[in-house]
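Before any comments, here is the structure.
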Amino acid sequence: MNNVPIFPLSYPLFEEGVLPLQIFEQRYLDLVRECTREAKAFGVCMIIKGKESGQAAEHAEVGTLALIRDFDQTETGLLYIRALGDKRFRVRKRWVQTNALIRADIELLDDFDDLAVQPKDDQFEKVRQLLEQLHQQLKQQHPDAFHKVIETPLRYQDRPWVTNRLIELIQVHPTQKQQWLEEASSRRFVSLFNYLDQQGAF
């Protein structure tokens, strides 16, 4: 895929993750218009050096495509969008426009299961139960917010979905989350399980 607009953020976006954004910079207003007009995705990459606003930031090579699902613009010009994570990609070439919008040529990443790394059923059950507990807490504490940040249907029997939703919720440094994003599904799950086990989450 060529000429993909990039939105650098302070944290990574995972597959099927919900991304609510408040847009006010002109370069990103242009990005949203382009993507909605052409029904195309934009790329989300975690910032390595720099900030979300101002000059173009340096970002990780591996990111996730995002598809805009809803948007709403206020009278003051602020634009609120709700996007959904799609496929992972790796940046092959990037450049910065005069308005500081980053663009890139990318290649999509396959997610072949590593046969040498096969999660056990009891490991998945522990992770699944933990996610359900956290979701119940979130529903009780913030019932209105839950459906805004979690895409339905809730697929608690889907290992990749459970893995990604749990990574989004736990308090871990974004650099660690980026490392998980760069791993294929099975390795990502095993790495997450080992981390949680070491932290005494089970």
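The values are calculated or read from the model by the stated rules, or taken from the named source; none is laboratory data. Since this is a predicted model, take the numbers as computed values, not measurements. Because the Cβ atoms are built from the backbone with ideal geometry, glycine has one as well, and the counts that use them run over all protein chains shown. SASA here: full protein model, heavy atoms, side chains in, ligands and nucleic acids out. Shrake-Rupley method; radii C 1.70, N 1.55, O 1.52, S 1.80 Å.
Brief remarks follow.
- Some residue of region 92-103 being in contact (Cβ under 8 Å) with a residue 12 or more places away in the chain, among the small types (Gly, Ala, Ser) and over 17 Å from Gly17 (Cβ atoms): yes
- Gln140 falls short on exactly one of the conditions (1) modelled with pLDDT under 95; (2) surrounded by 14 or more Cβ atoms within 10 Å (Cβ to Cβ), and that condition is (2).
- Of the residues in region 81-89, at least one is under 23 Å from Glu151 (Cβ atoms), of a type in the set (Gly, Ala, Ser) and surrounded by 14 or more Cβ atoms within 10 Å (Cβ to Cβ).
- Strands (runs of 3 or more DSSP E) wholly inside region 25-122 containing at least 1 residues that are more than 21 Å from the chain's Cα centre (by Cα): 62-73, 79-96
- Among (1) at pLDDT 95 or above; (2) within 28 Å of Glu61 (Cα to Cα); (3) surrounded by 12 or more Cβ atoms within 10 Å (Cβ to Cβ), the one test that Lys93 misses: (3)
- Matching option when the condition is over 24 Å from Asp158 (Cβ atoms) and touching a residue at least 24 places away in the same chain (Cβ under 8 Å), among Phe7, Phe89: Phe7
- Within region 144-202, being under 18 Å from Leu13 (Cα atoms), among the charged types (D, E, K, R) and either assigned to a loop (DSSP other than H, G, I, E, B) or open to solvent by less than 40 Å² (accessible area, probe 1.4 Å) (or both) holds for Glu151, Arg165, Lys177, Glu182, Glu183, Arg188.
- Residues (among the hydroxyl-bearing types (Ser, Thr, Tyr) and within 25 Å of Glu107 (Cα to Cα)) located in region 149-202: Thr163, Thr175, Ser185, Ser186, Ser191
- Some residue of region 168-180 being basic (Lys, Arg) and modelled with pLDDT under 95: no
- Residues in region 56-66 that are open to solvent by less than 50 Å² (accessible area, probe 1.4 Å) and out of contact with any Phe, Trp or Tyr (no Cβ under 8 Å at 6 or more places or on another chain): Ala56, Ala57, His59, Ala60.
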